[in-house]
Amino acid sequence: MNLLNLSHFKTADFEDLFKLADNFYLAESDSFKQDQILADKKLLNLFFEPSTRTKLSFEVAASNLGMTVFSLDAISSSLTKGESLEDTIEVALNIGIDACVIRHKDSVVHDLADRFPDMVFINAGEGSIAHPSQTLLDLFTIRQSFDDLSKLSYLVVGDLDHSRVLASFLEGLNIVGANKITLCSPAELGKKYADFPNFEEDLNSALDGKDVVMALRIQHERLDHALSISGEEYISKFQINHQRLLDAIGSDRFILMHPGPVNYGIELHADVRNQPYCKINTQVRNGVGIRMAILTKALLT
Ligand code: CP
């Protein structure tokens with residue numbers, strides 16, 4: 001079974017996956033246990049865009065499950081000698097790889113999945129389009145703080161246009177039935193969402209009454225022109241800091257998330273990082289458990 005996007009998921013499928021991750025969780029060490037149920041399987045990581053947490057957590061998740069993990073570095077592979085990605089996958093299949101985790105700037109993973117039905121494919125980030133495993137770990141993290149995801153008030157603030165995390169998160173929120181969602185950014189970083197029902201350029205108004213606040217970094221690597229907003233203006237209007245959160249939200253039962261990597265000093269002030277509401281490290285830890293659940297589901301069903 002592949003994980004290409006969330007379109008085929010229902011709330012019950014999320015819950016199945018979350019229960020699987022719960023079963024791997026060790027409360028005493030706040031970590032995920034080793035369970036060698038995939039010891040006969042081989043995983044190939046194929047990352048054509050940079051990654052720290054997704055790549056590493058798939059590696060640790062696979063290792064916890066007893067899988068043998070390989071990474072193909074595109075720069076030192078035969079892709080640089082003109083071999084196609086399709087032929088690379090065919091080689092991997094013939095060598096005995098069972099599953100490929102792929103991050104790519106384009107939507108290559110869907111065609112590969114059609115072409116190679118005997119290989120399992122997991123989408124680990126697809127340009128600005130989708131990042132399904134991130135949304136699964138984000139929803140899992142929210143579920144640890146709140147009972148009913150459908151009733152919460154959500155805010156996502158930052159570079160909306162280039163965020164595959166946001167695209168998948170909105171898909172996930174729609175599936176769980178959440179409809180109190182506000183997006184906030186300067187107009188030039190929120191063009192795709194200009195008609196979104198709750199689009200705000202004022203961060204203080206946008207924060208009011210929120211349960212879940214997700215900040216996003218500016219993806220300079222995907223910008224094709226300089227921003228008209230200066231760094232100072234961005235920080236003053238859109239940076240989240242501790243006092244701003246407390247003053248604007250008007251409650252102390254919210255959580256703060258960020259998919260990472262975080263540019264502290266830009267989208268987040270460093271004074272939020274050790275606050276009890278800040279779940280950024282929890283998201284990273286949960287990445288291991290959720291990816292263990294994804295690999296188990298993908299390779300055992
Ligand atoms: N959230 C996320 O995808 O982080 P990495 O780019 O470090 O994998």
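The values are calculated or read from the model by the stated rules, or taken from the named source; none is laboratory data. These numbers were taken from a predicted model, which means no experiment stands behind them. Counting neighbours? That spans all protein chains shown, and the Cβs are built from the backbone with ideal geometry, glycine included. Please note that ligands, DNA and RNA were not included when accessible areas were found on the heavy atoms of the full protein model with its side chains. Shrake-Rupley method; radii C 1.70, N 1.55, O 1.52, S 1.80 Å.
Results, tabulated for the structure shown:
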| quantity | calculated |
| --- | --- |
| Residue within region 19-29 that is exposed (fewer than 14 other Cβ atoms within 10 Å of the Cβ), without any contact (Cβ under 8 Å) to a residue 24 or more places away in the chain and within 16 Å of the ligand (Cβ to nearest atom) present | no |
| Test set (1) open to solvent by 10 Å² or more (accessible area, probe 1.4 Å); (2) within 16 Å of the ligand (Cβ to nearest atom) - ILE102 fails condition number | (1) |
| Hits in region 242-271 - residues which are among the β-branched types (Val, Ile, Thr) and farther than 26 Å from PRO50 by Cα | ILE249, ILE255 |
| Residues of region 71-90 classified as more than 16 Å from the ligand (Cβ to nearest atom) and either under 15 Å from ALA124 (Cα atoms) or outside the structural domain of ILE294 (by TED's automatic domain parsing) (or both), total | 1 |
| Selected residue [within 23 Å of ILE235 (Cβ to Cβ), open to solvent by less than 30 Å² (accessible area, probe 1.4 Å) and in contact (Cβ under 8 Å) with a residue 40 or more places away in the chain] from LEU183, LEU155 | LEU155 |
| Hits in region 268-294 (condition: crowded, with 17+ Cβ neighbours inside 10 Å and away from the ligand (no atom under 16 Å from the Cβ)) | HIS269, VAL272, TYR277, MET292, ALA293 |
| Residues within region 213-267 that are assigned to a loop (DSSP other than H, G, I, E, B) and either among the β-branched types (Val, Ile, Thr) or within 16 Å of the ligand (Cβ to nearest atom) (or both), tallied | 13 |
| Selection within region 34-54 - open to solvent by 60 Å² or more (accessible area, probe 1.4 Å), within 16 Å of the ligand (Cβ to nearest atom) and not in a loop (DSSP other than H, G, I, E, B) | ARG53 |
| So SER77, is it among the small types (Gly, Ala, Ser) and either surrounded by 17 or more Cβ atoms within 10 Å (Cβ to Cβ) or within 26 Å of SER107 (Cβ to Cβ) (or both) | yes |
| Single condition ASN5 does not satisfy, out of (1) more than 16 Å from the ligand (Cβ to nearest atom); (2) buried (at least 19 other Cβ atoms within 10 Å of the Cβ) | (1) |
